[in-house]
Each structure stands twice: as structure tokens, then as C-alpha cells.
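Here is the structure we will look at.
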Amino acid sequence: MKAFLRSISDSIRDLLPIILVIGFFQFAILRQPIPNLGEIVSGAILVILGLTFFVRGLEMGLFPIGETMAYGFARKGSLGWLLIFAFALGFGTTVAEPALIAVATEAAEVAAHGEVIASDTAARASYAMGLRITVAFSVGFAILVGVIRIIKGWPIHYLIIGGYLGIVVMTSFAPPEIIGIAYDSGGVTTSTVTVPLVTALGVGLASSIQGRSPMIDGFGLIAFASLTPIMFVMAYGILI
């Protein structure tokens, strides 16, 4: 019970800056009462409870299972299976990412409205699914590269700098309609489902390999997961 109350206290503390900012601008700048105050308070309570249960669930479930599987693959010593698992984890978590589903659906609606694709339901669904699969494939590839980096001990900054140089070059050739979607795709992939498992995988793998530091080598996978979707979505736009 103490741990649960501590988690609620932490959630309130995390949300307090948002509440203070909204309250300041509402009362000091706009000088208007908050509309539907009862609903907003009820919603805030639900957000606090939801955030508390979400963080607690990560600590109890997703972080341990990600680290345990990383330890297991490291002990097994099978590089092939580890890489397959890394790709499948990145692909599976991303294709189910709620934020990506929302962005892909909205992108399909806008594309249909702008007559980039047909306006029928099948065309919009196909466009949205193609975008989701492209992003998921790119994140799977990113996690695979990140795992190889941890194993080999490659410096992360060389890969990140090279990746963003590639993005700058591709931006010059990609259709203008896809550039914004591509850059947004890099952000929405690293959300509630992907981040916990991928982070746990990196830390667990770095902890289980002799000579690797969890702090130095275990983190950085999310950076790849944010970078590669931009490149892959722009390539998707060029091809279609």
C-alpha cells in the first residue's frame, strides 16, 4: 500500500507543472473561469491513476521481462537468434504503437483529401497500413543495428551523425508531401509500448556482456528507433 501511495504521489508531482502552467494562463492571462471544471477534475484524477498504474506496470512487468530475455539470449550465445529477436521486438512493438496508428490514419485522411491517393476506404486503409509497416520495419532494423553496436562496442555518435546526414540528403529528394509525416513518424514510434521493452533490452544486454557498461552501451537504442523511420518513410514516399 505504501508503494502504491508513493507512486500516486510521484504521478501528482510529475503532472503538477502542467497543472500550474494551465492554471496560470487560464486565470492570470485569459482571466476566465475553467469551463466544465467537474469534468476536468475527474479527467485529471483518471490521468493520475492511469499514469500511476502504467509506471507501476512497467516496473513490475515490461522492464524485468526485457532484461531477463536479454540475459537469456546472451547466455545462450546465439547471435542469430538475438538479432531475430531484436528485429521482431522492434517491429512488433511499433506496429502496435497507438500513436503511430493515429498518425498513419490521419496521414491517410489528409492524403485522400489532397488527392494524393484515392478517397475510398480501401485506399486510405492501404496507405495507413503501408506507412505503419514501413515504420515498424525501420524500427526493427534500428534495434537490430543497435544490438550489433552494443555487441561490437561501436561509438554511438558515428552512427547517429551518419544517419542524420543521410536524412538531410534524403530530404532534398523526397516529395514535400511526405517529409512532415516522415519526421513525425520518428517521434511517434518511441512511445508507450516501444520504449520500455527496447530500453530494458539494451540495458540487459549491456549488463550481460563482459566489458560493456549499461550506462554507456545500454542506452541509445531509442535514438536509432527515432532516426531510421524518418529515412524509411521518405524512401517510402519516393517509391510510391
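Points worth noting:
- Share of carbon and sulfur in the accessible heavy-atom surface of the chain [1.4 Å probe, %]: 71
- The chain, relative contact order [Cα under 8 Å, separation at least 6], %: 25
- Cα shape, segment 1-136, gyration tensor, a/c 1.5 rule: oblate
- Each principal axis of the Cα cloud of segment 99-169 was evaluated for its coordinate range; sorted largest first, these ranges are 49, 23, 16 Å.
- Overall shape: prolate for segment 182-226, with the ratio a/c of the largest to smallest alpha carbon gyration tensor axis at 1.5 or above and a/b above b/c.
- ³J(HN,Hα) computed for each position of segment 141-154 - Karplus, 6.51 cos²θ - 1.76 cosθ + 1.60, integer Hz, glycine/proline x: 5, 5, 5, 4, 4, x, 5, 4, 4, 5, 5, 7, x, 5
- Calculated [θ] (222 nm, deg cm²/dmol) that DSSP helices of n ≥ 4 give over the chain, each run adding -39,500 (n - 2.57): -26500 deg cm²/dmol
- Percent of C-alpha pairs per 5 Å bin, the chain, short to long: 1, 6, 11, 13, 13, 13, 13, 12, 9, 5, 2, 1, 0
- Note on residue 161 and residue 120: the extension gain reaches 10.7 nm, defined as 0.36 nm multiplied by sequence separation minus the Cα-Cα distance.
- Between segment 194-239 and segment 87-115, the alpha-carbon centres lie 20 Å apart.
- Less than 5 angstrom separates the built amide H of residue 117 from those of 112, all sequence-distant by 5 or more or on a different chain.
- In a simple Cβ point-charge model (Lys, Arg +1; Asp, Glu -1; nothing else charged), the chain has a dipole of about 860 debye relative to its Cα centre.
- Taking every protein chain into account, the 1.4 Å probe leaves residue 157 with about 90 Å² of accessible area, to the nearest ten.
- Across segment 63-71, rounded Karplus estimates of 3J(HN,Hα) from the backbone phi angles (6.51 cos²θ - 1.76 cosθ + 1.60, θ = phi - 60°) give 4, x, 5, x, 5, 5, 5, 5, 4 Hz, Gly and Pro being marked x.
- Hydrodynamic radius by Kirkwood, which averages 1/r over all alpha carbon pairs of segment 36-93, in angstrom: 14.1
- Rg/Rg_ref, segment 71-118, where Rg_ref = 2.2 N^0.38 Å and atoms are Cα: 1.86
- Paramagnetic label zone (point 7 Å from Cα along Cα-to-C-beta, residue 216; backbone N under 18 Å) in segment 144-158: 147-158
- Accessible area per residue in Å² at 1.4 Å probe, computed on segment 106-188: 52
- Directionally averaged projected area (segment 121-240, Cα convex hull): 7.7 nm².
The values are calculated or read from the model by the stated rules, or taken from the named source; none is laboratory data. Note that the structure is a prediction, hence the values are computed from the model and not measured. Neighbour counts run over all protein chains shown; Cβ positions are idealised from the backbone, glycine included. What goes into the accessible areas is simple: the full protein's heavy atoms, side chains included, and nothing from ligands, DNA or RNA. Shrake-Rupley method; radii C 1.70, N 1.55, O 1.52, S 1.80 Å.
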